[in-house]
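K.L.:
Below: one structure in structure tokens.
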Amino acid sequence: MKIALIGYGKMGKAIEEIAVAKGHEIVLKIDLDNAHELNAANAAKADVAIEFTSPHSAFNNVMKCLELGLPVVCGSTGWLDKWNEVEEYCKAQNGTLIYASNYSIGVNLFFELNKYLASLMSRHPEYAVQLEEIHHTQKKDAPSGTAITLAEQVLQHIKTKKQWVNHISDNEEDLEIVSERIDPAPGTHKIKYQSPIDDIEIIHTAHNRKGFAGGAVLAAEFTKGRKGIFSMKEVLGL
């Protein structure tokens, strides 16, 4: 495949390394200094775009790709307040979009484990639940998109919790997400259930960016010949 990289930071470079190793070609690299090069002529050279930028630019990048008819795999988080607009535009354009808060295969398996554990724990209100996430200091959003996904999954099952908050709370209806920014941590997510008798924890710890990058390339391969909006659940057949 011919891939356009939108965002050429550490993640973009990790994606490039894996994509090239799998026999794909990087035909366009877009970063802050050449954003204007995301245009019709350059988009026509690519089969798919992989977008990893920031919460402030992701929405415009995704919309531009859809406008240009370029399938897009987006891994930027912190912009989902505009998701409905993107979803409607993708459908109107008959476009292709894959979005995931985390492209790691391990994390997506962890999502399934989190949902199952939350369904089991819903029958045991004596356990208090809390989420923790640790990332490197360059991560711009908090809590992480992955932590939000995990929290929303818990909220679907633990009905005593009504909403997540990104701080310690005295409100029993709040599901706490505790965020820490420590270098050089690529990402750790923990869901902890505590009772007076015992604790139950599930933890995912990323050792490097290769898991995220590999999953993004896998998602890009999945777009071939497909129209619509997908997630890693479809990509991995979960």
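K.L.:
Could you give me the ³J(HN,Hα) list for the stretch 32-47, computed from phi with Karplus coefficients 6.51, -1.76, 1.60 and θ = phi - 60°, whole Hz, x at Gly and Pro?
P.N.:
4, 7, 9, 4, 5, 7, 7, 9, 4, 5, 6, 4, 5, 7, 10, 8
K.L.:
Could you tell me the largest-minus-smallest coordinate of the C-alpha atoms of the stretch 105-205 on each of the three principal axes, in descending order and whole angstroms?
P.N.:
Principal extents (largest minus smallest coordinate, Cα): 38, 31, 24 Å.
K.L.:
Next question, about the same structure. Mean separation of Cα pairs under 8 Å and 6+ residues apart, divided by the residue count of the chain: what relative contact order is that in percent? Present the calculation step by step, with values, prior to reporting the outcome.
P.N.:
Numbers: 449 pairs, mean separation 52.0, N = 238.
Across the chain, relative contact order equals 22 percent.
K.L.:
With the radius of gyration and the Kirkwood radius both derived from the Cα set of the chain, what is their ratio Rg to Rh? Intermediate results must be reported in sequence, preceding the final value.
P.N.:
On the way: Rg = 18.6 Å, Rh = 18.7 Å.
Rg divided by Rh gives 1.00.
K.L.:
Sticking with this one: From the cross-link list LYS13/LYS82; LYS22/LYS227; LYS10/LYS91, which pairs have alpha carbons spaced over 29 Å apart? Don't skip to the end; give the middle numbers.
P.N.:
Working: LYS13/LYS82 27 Å; LYS22/LYS227 23 Å; LYS10/LYS91 31 Å.
Check vs 29 Å cut-off fails for LYS10/LYS91.
K.L.:
Return the percentage of antiparallel bridges among DSSP beta bridges fully within the chain, rounded to the nearest 5 %. Intermediate results must be reported in sequence, preceding the final value.
P.N.:
Details: 14 of 40 bridges.
That works out to approximately 35 percent antiparallel.
K.L.:
Quick one: what do you get for the stretch 69-113 if you divide its Cα Rg by 2.2 N^0.38 Å?
P.N.:
Details: Rg = 12.3 Å, N = 45, 2.2 N^0.38 = 9.3 Å.
Against the compact-globule rule of thumb, the ratio is 1.32.
K.L.:
How much net charge surrounds VAL86 when only other residues with a Cβ under 12 Å from its Cβ are counted (Lys, Arg +1; Asp, Glu -1)? Provide the component values of the computation, followed by the final result.
P.N.:
Values: positive: LYS64, LYS82, LYS91; negative: GLU51, GLU67, ASP81, GLU85, GLU87, GLU88.
Charge balance near VAL86 sits at -3.
K.L.:
Could you list which residues have their amide H under 5 Å from that of THR96, counting only those 5 or more apart in sequence or on another chain, with H placed in the peptide plane?
P.N.:
VAL72, GLY228
K.L.:
Please list, in order along the stretch 185-201, the HN-Hα scalar couplings obtained from phi with the Karplus expression 6.51 cos²θ - 1.76 cosθ + 1.60 (θ = phi - 60°), rounded to whole Hz, x for Gly and Pro.
P.N.:
For the stretch 185-201, the Karplus-derived couplings read 4, x, x, 10, 10, 10, 10, 10, 10, 10, 10, x, 9, 7, 10, 10, 10 Hz, x marking Gly and Pro.
K.L.:
Using only the alpha-carbon atoms of the stretch 49-176 as identical scatterers, what base-10 log of I(q)/I(0) does the Debye formula give at q = 0.11, 0.16, 0.20 Å⁻¹?
P.N.:
-0.47, -0.88, -1.14
K.L.:
What's the center-to-center distance, using Cα atoms, between the stretch 62-99 and the stretch 1-28 in Å?
P.N.:
Using only Cα atoms to place each centre, the spacing works out to 19 Å.
K.L.:
State which entries of LYS192/LYS233; LYS139/LYS224; LYS159/LYS190; LYS64/LYS161 exceed 28 angstrom in Cα-Cα distance in the structure shown.
P.N.:
On the way: LYS192/LYS233 24 Å; LYS139/LYS224 31 Å; LYS159/LYS190 20 Å; LYS64/LYS161 38 Å.
Too far apart for the 28 Å limit: LYS139/LYS224; LYS64/LYS161.
K.L.:
Using Cα-Cα distances under 8 Å and only pairs 6 or more residues apart, what relative contact order does the stretch 105-205 have, in percent? Before the final figure, lay out each step's value.
P.N.:
On the way: 172 pairs, mean separation 35.2, N = 101.
After rounding, I find 35 percent.
K.L.:
Same structure again: Quick query: amide H of ASP47 versus all other amide H atoms, modeled in the peptide plane; which residues come in under 5 Å with a sequence gap of 5 or more or a different chain?
P.N.:
For ASP47, whose amide H was placed from the backbone, the distant partners under 5 Å are LYS2, ILE3, ALA4.
K.L.:
Same structure, new question: Through the Karplus equation 6.51 cos²θ - 1.76 cosθ + 1.60, θ set to phi - 60°, convert the phi angles of the stretch 162-170 into ³J(HN,Hα) values in whole Hz; use x for Gly and Pro.
P.N.:
Rounded to whole hertz, the list is 9, 7, 9, 9, 9, 6, 6, 10, 8.
K.L.:
In addition: Helix hunt in the chain: which complete DSSP H runs extend at least 15 Å axially by C-alpha with mean Kyte-Doolittle at least 0.5?
P.N.:
On the way: long enough: 10-21 (17 Å, 0.44); 105-121 (24 Å, 0.96); 145-157 (19 Å, 0.34); 210-222 (18 Å, 0.94).
Qualifying helices: 105-121, 210-222.
K.L.:
Here's another thing I want to ask about it. Note down the nm distance, to one decimal, between modelled labels 7 Å out along Cα→Cβ at ASN94 and at GLU201.
P.N.:
Here the answer is 5.2 nm between the modelled labels.
Taken together, the values in this text are just the output of simple stated rules run on the coordinates, not laboratory data. A quick note: this is a predicted structure, and the numbers were derived from the prediction, not measured. All Cβ positions, even for glycine, are placed from backbone atoms using ideal geometry, and neighbour counts span all protein chains on display.
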